[in-house]
1. Can you flag which of Lys297/Lys358; Lys96/Lys358; Lys46/Lys96; Lys46/Lys297 are past 32 Å Cα-Cα?
2. Given bins 10 angstrom wide, list per bin the percent of all Cα-Cα distances in the stretch 13-82, short to long.
3. Which FRET efficiency value, to the nearest 0.05, do you get for Arg24 and Glu286 by plugging their Cβ-Cβ distance into 1/(1 + (r/R0)^6) with R0 = 30 Å?
4. Based on the Cβ-Cβ distance from Asn13 to Gln208, what FRET efficiency comes out when R0 is 22 Å, to the nearest 0.05?
5. Taking the Cα-to-Cβ direction at Arg145 and at Thr63 and moving 7 Å from each Cα, how far apart do the two end points lie in nm?
6. Considering only DSSP states other than H, G, I, E and B, which GluC sites (Glu not before Pro) in the stretch 17-94 qualify as loop sites with at most 13 other Cβ atoms within 10 Å?
7. Could you work out how far apart the two model spin labels at Asp338 and Ala76 are, taking each label as a point 7 Å from the Cα in the direction of the beta carbon, and quote it in nm?
8. Give the peptides 187-193, 18-24, 69-75 in descending order of average Cβ contacts within 10 Å, highest first.
Amino acid sequence: MTSIGGAGMVDWNLAVATATRLVRPGPEISREEAREVVAELRRHAKAAEEHVRAFTRMIPEGTEPEDTPVLVVDRAGWIKANVAGFRALLRPLLEKMEERRTGGAGGAVLGAVGSKVTGVEVGMLLSFLASRVLGQYETFAPATRELPASADGGGRLLLVAPNIVHVERELAADPHDFRLWVALHEETHRTQFTAVPWLRDHLQGEIQSFLDETDVDPMTFLERLREAAQSLAGGRPEGESDEGGGRSLVELVQTPAQREILGRLTAVMSLLEGHADYVMDGVGPEVVSSVAEIREKFQQRRARGASRLDQALRKLLGLDAKLRQYRDGERFVRAVVDEVGMDGFNRVWTSPNTLPTKAEIARPADWIARVHRKAES
C-alpha cells in the first residue's frame, strides 16, 4: 500500500506499521484457547446467519444472495483491512488535497511534514480504534491476498477475536452467550447489504458525493489529525480550553451541500445500527440465555465510556455520534415494527426513496405516514 497521487498525503504502509506497533496487546490467552475462540466465533457466525434471516424475513425463502466471507481477525488484521478500505474510499479526497498542497497556502509546510508524518498520525488513530471494535461489516472492502472479499470487490464480515474476549471478561459475561450476541449484531449488517443489492451502491454514492463537495485546506486537515495524535500521546495541552475544539473530523469538512448529504448519511447509519441492535435483542432471548444481563452490562459500559482522553478521542473521531445512532435508530425500528409489523418495516428496504430521513428517525410516525399511508391511499 504505497502513497496516493505522487508524493502523496498519507504513507499508508507507515500507517499500518505504526498502528500495529502501537496497538495495545490483547488479553492473555493460551494458543489452544485462542484456537477454540476462533472456531467458536466461526460457528456462531454461521448460526447467527440462520437466526437473523428467520427473524428479519429480509431474504425470501428459496433465494440465496451473494455470499460474503466471514473473517476472524486479530487487531493487526483489523488494521490492515481498514487501511485498505480507507485508502480506496478516501482516494478522491486525498487526490484533491494533494493538488491543493502543491500550490496552496499550506503547501510548503505540508511538503516539509510529508506523507510519513501524516502516516504516523493516521496509524495512531487506527491503533486507538483497533482495540475497541468487536466486529464490523466492511461494506467497501478491496480484496487482498490475506483478506478476501466478495466477488464484486466489496463486503466481508470481520470479528475481532481479542477484543471480544477482552470485553466478555470485563463484563464477566458468559463467553459463549456473549460471542453469539456479538455475532448476531454483525450478521445483521451482513444481511442488510446482501439482501438489499442497491444499498451498497447508494451508500457509496452518498459518501463520494460528500467527499466531492469537500473543500478543506490541507493544512487544517493535518492540524486536526495532529490534534487527535497529541491527545493519544498525552491529552490536550495544559491550559487549552475544550470549548470550540473537539470538533470531529467529519464536522471539519462540511459545506452547506455536505450538511444535506451528512443528514441523509446519518439517517441511513442510524437505521442500520438501530436495526442491528433491535435484531440482536429480538433474537437473543431465544438463543442467548443471558441476553438481558449482557445487554444491561453492555449499555452501562457504553454510557460510562472510559477516561477523559477516551471521551475526547470519541468526540474527535465522531464516535459519540455513532452511539447516538444506536439509540435513535433502535427506537425508530422498534416503533415502526410495533405499529406495522416486521413485513411493514421491511418496506424501508424497497428503494432509496423509502429510507427514513433524519427527521423521520426522530419521528417514526412521519415515516409510517409517508411510506404506508400514502401507499394505501
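Bear in mind that the values in this text are calculations on the coordinates, not laboratory data. Everything quoted here is computed from the prediction, not taken from an experiment. Glycine gets a Cβ as well: all are built from the backbone with ideal geometry, and neighbour counts include every protein chain shown.
1. Details: Lys297/Lys358 29 Å; Lys96/Lys358 29 Å; Lys46/Lys96 42 Å; Lys46/Lys297 25 Å.
Check vs 32 Å cut-off fails for Lys46/Lys96.
2. P(r) over the stretch 13-82, rounded to whole percents: 15, 33, 29, 18, 5.
3. Values: r = 35 Å, r/R0 = 1.17.
That gives a FRET efficiency of 0.30.
4. Values: r = 25 Å, r/R0 = 1.13.
Efficiency, rounded to the nearest 0.05: 0.35.
5. In this crude label model, Arg145 to Thr63 measures out at 3.9 nm.
6. Values: sites: Glu28, Glu32, Glu33, Glu36, Glu40, Glu49, Glu50, Glu61, Glu66; in loops: Glu28, Glu61, Glu66.
Hits after loop and neighbour filter: Glu28, Glu61, Glu66.
7. Going by the 7 Å Cα→Cβ label model, 4.9 nm.
8. Details: 187-193: 24.7, 18-24: 18.7, 69-75: 20.3.
Sorting 187-193, 18-24, 69-75 by mean packing, highest first, produces 187-193, 69-75, 18-24.
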